[in-house]
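> Next up is a structure, given as structure tokens.
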Amino acid sequence: MGKLIDRYTLGARVAPVAVAAFSLFLAISAWIPFSQWPIKLLGGSALLIMAAFVLAQVTRDAGKAIEEPLWASWGGPPTVRMLRHRDSTFAPGIKSLIHRRLVELHVVDNMPSEADEEQDPEHADEIYKLCSDWLRNKALELKSKSPFDVVHSENISYGFRRNTLGIKPYGIAIMVAALAITVAAFFFGRQPLIELCAILLVGAYLLLAVTPNAVKRAADEYSKRLLNAVQAIPISKNVGPKRQSGEAR
């Protein structure tokens, strides 16, 4: 797709719009005679793709709007949470290696100890967020290389689920309207059974699969992959700005 349309844009921003708007495409299809299926396929697909690209930024904004409340309900951003000593996602020995590697990579001079974290958890979270932001940016730089290609795929999965949840109310509204339009077609001598079943499946997906828990699972998996990949980041000789765990705020 080139540089203008990357995998993340397609998977995390365009795809959610396509899912939400698919019911409308099906409703329009219900009113087109089956004999004109090429028009259904080509015209409907073109309309769906155009709408998806036009609304991609709106979808991203909707996903970002729910991100902070979701993080708060989970106890903090997933990567920050997993870097905490009191979090049990990683065994203490593995977490110690991750912390040590972040120091070796010159992200910070030293990481908060358990005592530091207990004494000032907010300041410790600032350090963890600094590390999280640095890791995320570095993973994007290395996304074409193993294991960061897998990390990038998990990031796309998280973005898709988050953004789909963000536009879920619109998707359900479109689905209900599409359902009414499709049912009405039966009263005009049409038999859009395939479209009706497909719309019901879209509705079931939006209602049952697009949930905060599903977003959390994707976010946690992305964060675990990101932190596990820290050992694969080469150590640079250029030391950038750093913060120490005890640095004054």
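> Report the residue count in region 205-216 for those that are in contact (Cβ under 8 Å) with a residue 40 or more places away in the chain and surrounded by fewer than 19 Cβ atoms within 10 Å (Cβ to Cβ).
Going through region 205-216 one residue at a time, the tally reaches 5.
> Could you grab the pairs with beta carbons closer than 6 Å, sequence gap of 6+ or different chains, first residue in region 62-87 and in contact (Cβ under 8 Å) with a residue 24 or more places away in the chain and closer than 16 Å to P121 by Cα, second one buried (at least 19 other Cβ atoms within 10 Å of the Cβ) and of a type in the set (D, E)?
V80/D125; H85/E117
> Please note which helices (runs of 4 or more DSSP H) are completely contained in region 37-131 and include at least 1 residues that are modelled with pLDDT of 95 or more. Full working, then the answer.
Working: elements: 37-54, 56-74, 78-83, 92-104, 114-119.
Fully inside region 37-131 and qualifying: 56-74, 78-83, 92-104, 114-119.
> Still on this structure, please answer the following. For S144, which of the numbered conditions (1) more than 30 Å from I94 (Cα to Cα); (2) of a type in the set (S, T, Y); (3) in a loop (DSSP other than H, G, I, E, B) fails to hold?
Tallying (1) more than 30 Å from I94 (Cα to Cα); (2) of a type in the set (S, T, Y); (3) in a loop (DSSP other than H, G, I, E, B), S144 fails exactly one: (1).
The values are calculated or read from the model by the stated rules, or taken from the named source; none is laboratory data. This structure is a prediction, so every number in the text was calculated from the model and none was measured. Cβ atoms come from the backbone with ideal geometry, glycine included; neighbour counts cover every protein chain shown.
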